[in-house]
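The values are calculated or read from the model by the stated rules, or taken from the named source; none is laboratory data. A quick note: this is a predicted structure, and the numbers were derived from the prediction, not measured. Cβ placement follows ideal geometry from the backbone for every residue including glycine, while neighbour counts extend to all protein chains displayed.
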């Protein structure tokens with residue numbers, strides 16, 4: 001029996017831009033992506049996204065808004081991965097690349113590089129919520 005893997009992704013407004021990581025591993029090795037990862041068994045998705053943000057980019061955060069659920073069976077070449085995307089507001093820590101990120105970078109929402117998976121759609125869906133907060137964080 002095949003199973004669905006549950007993941008989380010974070011749109012993080014920071015210094016008027018958004019935080020992206022350059023992927024160290026396949027799939028999409030070398031592409032930029034939103035910080036995120038697999039939800040662990042017994043973990044709430046809100047806790048998972050905050051854990052992944054701290055692990056991947058060194059920031060402590062607070063969940064601000066649910067952006068959406070992304071469930072296209074073809075969104076990830078490894079299998080059927082369903083992602084829940086949140087906007088996470090930074091509340092401390094130090095911006096740095098974590099263990100599975102090659103680098104961390106800030107990009108203007110209007111000049112994003114080509115993104116892995118369906119992360120461009122996630123950012124576009126989050127944009128309406130980001131307009132008022134990008135200048136504040």
- Task: From (1) touching a residue at least 40 places away in the same chain (Cβ under 8 Å); (2) closer than 15 Å to residue 20 by Cβ; (3) outside any strand (DSSP E or B), pick out the condition that doesn't hold for residue 103.
- Result: (3)
- Specify the residue that is modelled with the lowest pLDDT; the eligible residues are those in region 18-30 that are under 19 Å from residue 121 (Cβ atoms) and assigned to a strand (DSSP E or B). 23
- For residue 61, are the conditions met, namely being part of a strand (DSSP E or B) and touching a strand residue (DSSP E or B) at 6+ places or on another chain (Cβ under 9 Å)? yes
